[in-house]
Amino acid sequence: MSRPAVVPVQEWRAAREALLVKEKEHTRALDALAAQRRRLPVVRLDRGYRFTAPDGAVVDFADLFGGRRQLVVYHFMLHPGSDHVCDGCSSFTDNLADQSHLNARDTTLALMSPASQAQIAPVRKRFGWTTPWYSAYGSTFYDDLDLGGGFGLSVFFRDGDEIFRSYYTSGRGVDRLRLDFNLLDLTPYGRQETWEDSPEGWPQTPTMQWLRHRDEY
């Protein structure tokens, strides 16, 4: 298997310093994007939507915030009547850490699917996930917000009795939030997928085809 060039430490340091300049430029560009994101206009939403909580209780939109001002929702691909559990969504959820620090900034993180809690509960139990996972089954929420059937990440905030939608992203906008992908991006072989610009001979497989549920590796 091919491997990176082996060089003296002085040459490595010089190459690392040159890359650091570009990394800092990228960091500042991300800071600028975050500043623009904080200035996005928002849309007022109907707070009358009803969701089913993990304990089976029917709750309203405000309850998802857990008493906090901000809510981040990951839309887990689990469709009504389907027994397919998305391995990409599962691996994303595996990456979710303790939320104490997020909560300290008045923000709640939750999962949501259009499937019923009868479908959600076995999946949650199988993997031992503790992040609150709500069902939008029977609601027009997904249709009203044009969420479709795919995965994505929504951000909402609450001001008194008013609830607003502030941000949505999908695709690569979600995967950059994953710890595993970000750690792999720091390694010599990267994610080892065919879309990556890697040197000749690097190990690569078709995009996402290597992913499995964590109990299936």
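The values are calculated or read from the model by the stated rules, or taken from the named source; none is laboratory data. Nothing here was measured: the structure is a model prediction, and the numbers come from that model. Virtual Cβ from ideal backbone geometry, glycine too; neighbours counted across all protein chains shown.
Here is the figure for the range 191-205: residues that are surrounded by 15 or more Cβ atoms within 10 Å (Cβ to Cβ) and acidic (Asp, Glu) total 1. Within the range 1-33, the residues that satisfy the criterion of being of a type outside the set (Lys, Arg) and in contact (Cβ under 8 Å) with a residue 60 or more places away in the chain are MET1, SER2, PRO4. Contact map, the range 73-96: residues that are over 12 Å from GLY150 (Cβ atoms) paired with residues that are of a type in the set (A, V, I, L, M, F, W, C) and not in a strand (DSSP E or B), Cβ distance under 6 Å, separation 6+ or inter-chain. Pairs shown: PRO80/ALA115; VAL85/VAL123; ASP87/LEU211; SER91/LEU211; THR93/TRP129; ASN95/LEU179.
Restricting the range 4-38 to residues that are among the small types (Gly, Ala, Ser) and under 24 Å from the mean Cα position of the chain (by Cα) leaves a set whose member that is nearest to TYR167 (Cα to Cα) is ALA34. Looking at the range 173-190, is at least one residue among the basic types (Lys, Arg), surrounded by fewer than 15 Cβ atoms within 10 Å (Cβ to Cβ), free of Cβ contacts under 8 Å to residues at least 60 places away in the same chain and not in a loop (DSSP other than H, G, I, E, B)? Checking the range 173-190: not a single residue is among the basic types (Lys, Arg), surrounded by fewer than 15 Cβ atoms within 10 Å (Cβ to Cβ), free of Cβ contacts under 8 Å to residues at least 60 places away in the same chain and not in a loop (DSSP other than H, G, I, E, B). Taken as a whole, the condition of being of a type outside the set (A, V, I, L, M), crowded, with 18+ Cβ neighbours inside 10 Å and either without any contact (Cβ under 8 Å) to a residue 60 or more places away in the chain or closer than 13 Å to LEU78 by Cβ (or both) applies to TYR134.
The residue that is surrounded by the most Cβ atoms within 10 Å (Cβ to Cβ), among those in the range 97-125 that are of a type in the set (S, T, N, Q) and within 19 Å of LEU147 (Cβ to Cβ), is SER113. Go through the residues of the range 40-55 one by one and say whether even a single one is assigned to a helix (DSSP H, G or I), acidic (Asp, Glu) and in the same structural domain as ASP106 (by TED's automatic domain parsing). Looking through the range 40-55, none of the residues is assigned to a helix (DSSP H, G or I), acidic (Asp, Glu) and in the same structural domain as ASP106 (by TED's automatic domain parsing).
The single condition from (1) free of Cβ contacts under 8 Å to residues at least 24 places away in the same chain; (2) surrounded by fewer than 12 Cβ atoms within 10 Å (Cβ to Cβ); (3) in the same structural domain as PHE92 (by TED's automatic domain parsing) that SER170 fails is (2).
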